[in-house]
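The values are calculated or read from the model by the stated rules, or taken from the named source; none is laboratory data. Since we're looking at a predicted model, the values are computed, not measured. Neighbour counts are summed over all protein chains in view; Cβ atoms, including those assigned to glycine, are modelled from backbone coordinates with ideal geometry. To get the accessible areas, we keep the full protein, side chains included, count just its heavy atoms, and leave off ligands, DNA and RNA. Shrake-Rupley method; radii C 1.70, N 1.55, O 1.52, S 1.80 Å.
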Amino acid sequence: KNSLPHLRRAAVGLLILALGPIAAAQSQKSRQTRSADISARGTGELVLHKWSGELIVPDPVACAVDPHGRVYVAATTRRKVGDLDIREHTMWIPDDVGLSSVEEKRAFLQRELAPGKLRAPRGMLKDHNGDGSIDWKDLTQHTERIYQLRDTDGDGTADKMTVFAEGFNTEVTGIAAGVLWHDGWVYATIAPDLWRLKDTDDDGVADIREVVVHGFGHHIAYAGHDMHGLTVGPDGRIYWSIGDKGVNVTSKEGRKFFHPNEGAVMRVEPDGSGFEVFAHGLRNPQEPAFDDFGDLFCVDNDADQPGERERFVYIPEASDTGWRNNFQYMKTDSPWMREGLWKPRFPGQAAYFLPTLASYSDGPAGFKFEPGTALSEAQRGMFLLNEFPAGKMKAFRAERDGASFKMVDARVLND
């Protein structure tokens with residue numbers, strides 16, 4: 001599914017659920033509220049707190065918290081405006097599937113959207129910069145942003161917001177769909193780059209910005225199939241995912257990683273060394289999550305084919321879960337459907353890829369493993385999942401099943 005709206009709701013939900021307990025520890029009033037929350041959680045319930053208060057965070061997609069309780073929010077203005085959706089430009093599909101690098105994508109957009117070539121708006125592509133021409137320069141008008149929110153008076157509610165970083169607005173820039181604080185740096189996934197940012201004078205604005213890795217998102221493809229899901233792995237490396245817009249990266253050590261028509265999970269040392277593609281063959285994995293033992297899972301969006309379902313996927317290193325970008329456009333004879341590549345393991349299924357654990361979910365978006373702190377024993381060891389279409393938060397556990405896993409104890413946390 002096209003999942004950015006799912007991400008937006010997921011981000012807001014995480015702000016409310018995860019940050020309430022952090023802010024609550026900062027004042028006596030909040031500690032009293034926290035005591036009531038703990039009592040409620042004894043019954044297995046989750047108590048919500050709108051930590052952002054009166055502050056309006058425009059178009060939030062993902063959030064992260066630093067050790068001081070400051071919150072970083074990735075926000076998008078470019079979705080379908082600067083970062084296009086191939087469904088609004090279907091005549092480009094044959095060309096788009098063949099693109100294999102960010103440089104090719106840039107050349108394609110500058111050629112097809114040369115000044116004077118497009119006579120009228122198409123979809124959300126319009127004369128955004130007001131120069132009288134609808135062309136590739138309109139793709140540079142809107143910028144992605146990272147906001148920082150603070151609770152400066154310790155009352156448990158944010159009261160200050162700054163633009164931590166902006167200026168992400170080239171014609172090949174995607175959306176700001178992931179953010180992570182780690183060891184003094186704020187990492188952000190904004191294709192075609194993984195960025196890291198630092199505020200050295202604590203004024204809420206980053207004054208150092210570096211590209212950690214470059215070379216992601218060379219397809220236009222479906223909007224929302226971007227880079228997201230930043231997390232720190234058990235090995236201390238930064239992990240994140242990308243939808244099926246493609247990977248074409250040369251690492252700092254000169255290694256080539258080329259997965260042109262697939263979504264993937266990547267990892268890198270915090271300083272940008274040692275980049276690797278950890279696993280591939282995904283369609284649009286929003287937020288891969290590690291359990292207590294370092295096993296990695298995600299809930300991947302489906303391809304909107306009749307009868308197909310989203311997938312709960314186990315992601316061991318070097319695995320291929322079977323999806324290719326070109327399957328999206330095979331409406332009558334897709335191997336994805338014809339060969340049952342989307343289904344859990346069944347007799348006679350192809351053996352070259354790792355099948356899904358379960359057909360599950362509707363519009364998966366935010367996905368986290370219960371961290372072992374803040375929540376009650378009722379949520380211990382659970383994966384928490386936000387679903388956009390119905391506005392539900394679900395939960396389940398993954399139990400060992402031979403060399404793999406199975407889903408158990410699935411439930412709806414809010415209805």
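Odds and ends about this structure:
- Applying the criterion of being free of Cβ contacts under 8 Å to residues at least 40 places away in the same chain and open to solvent by 50 Å² or more (accessible area, probe 1.4 Å) to the residues of segment 192-210, the residue that is farthest from the chain's Cα centre (by Cα) is D201.
- Checking each residue in segment 81-129 for being charged (D, E, K, R), open to solvent by 50 Å² or more (accessible area, probe 1.4 Å) and within 17 Å of G174 (Cβ to Cβ) picks out R87, E88, E103, E104, R106.
- Matching residues, segment 364-408, being acidic (D, E), exposed (fewer than 12 other Cβ atoms within 10 Å of the Cβ) and in contact with a strand residue (DSSP E or B) (Cβ under 7 Å, 6 or more places away or on another chain): E399
- You will find that of V247, V265, the residue that is open to solvent by less than 10 Å² (accessible area, probe 1.4 Å) and either without any contact (Cβ under 8 Å) to a residue 24 or more places away in the chain or touching a His at 6+ places or on another chain (Cβ under 7 Å) (or both) is V247 and no other.
- Qualifying residue in segment 74-97 (condition: touching a Gly at 6+ places or on another chain (Cβ under 9 Å), among the acidic types (D, E), assigned to a loop (DSSP other than H, G, I, E, B) and on the phi < 0 side of the Ramachandran plot): yes
- Listed conditions (1) of a type outside the set (F, W, Y); (2) open to solvent by less than 30 Å² (accessible area, probe 1.4 Å); (3) in contact with a helix residue (DSSP H, G or I) (Cβ under 9 Å, 6 or more places away or on another chain) are all met by T189, apart from (3).
- Selection within segment 81-108 - farther than 25 Å from D304 by Cα and not acidic (D, E): S101, V102, K105, R106, A107, F108
- Residue list for segment 37-56, filter: at pLDDT 80 or above and touching a helix residue (DSSP H, G or I) at 6+ places or on another chain (Cβ under 8 Å): H49, K50, W51, S52
- The set of residues in segment 179-210 being within 24 Å of K105 (Cα to Cα) and among the polar types (S, T, N, Q) consists of T189 alone.
- Segment 350-363, subset under 20 Å from the mean Cα position of the chain (by Cα) and part of a loop (DSSP other than H, G, I, E, B), residue surrounded by the fewest Cβ atoms within 10 Å (Cβ to Cβ): D362
- Failed item, numbered, when D300 is tested on (1) within 19 Å of M330 (Cβ to Cβ); (2) open to solvent by less than 10 Å² (accessible area, probe 1.4 Å); (3) at pLDDT below 95: (3)
- Test: residue in segment 151-160 that is within 30 Å of V277 (Cα to Cα), open to solvent by 60 Å² or more (accessible area, probe 1.4 Å) and touching a residue at least 24 places away in the same chain (Cβ under 8 Å): no
- Long-range neighbours under 6 Å by Cβ, at least six apart or interchain, first residue at positive phi within segment 292-321, second open to solvent by 30 Å² or more (accessible area, probe 1.4 Å): G294/P234
- Taken as a whole, the structure leaves V412 outside the set of residues that are assigned to a strand (DSSP E or B) and in contact with a Ser or Thr (Cβ under 7 Å, 6 or more places away or on another chain).
- Counted residues, segment 212-252 - those being more than 15 Å from the chain's Cα centre (by Cα) and not in a loop (DSSP other than H, G, I, E, B): 7
- Within segment 334-355, residues that are at positive phi sit with their Cβ atoms under 8 Å from residues that are surrounded by fewer than 16 Cβ atoms within 10 Å (Cβ to Cβ), at 6+ positions apart or across chains, in these pairs: G340/F346; G340/Q349.
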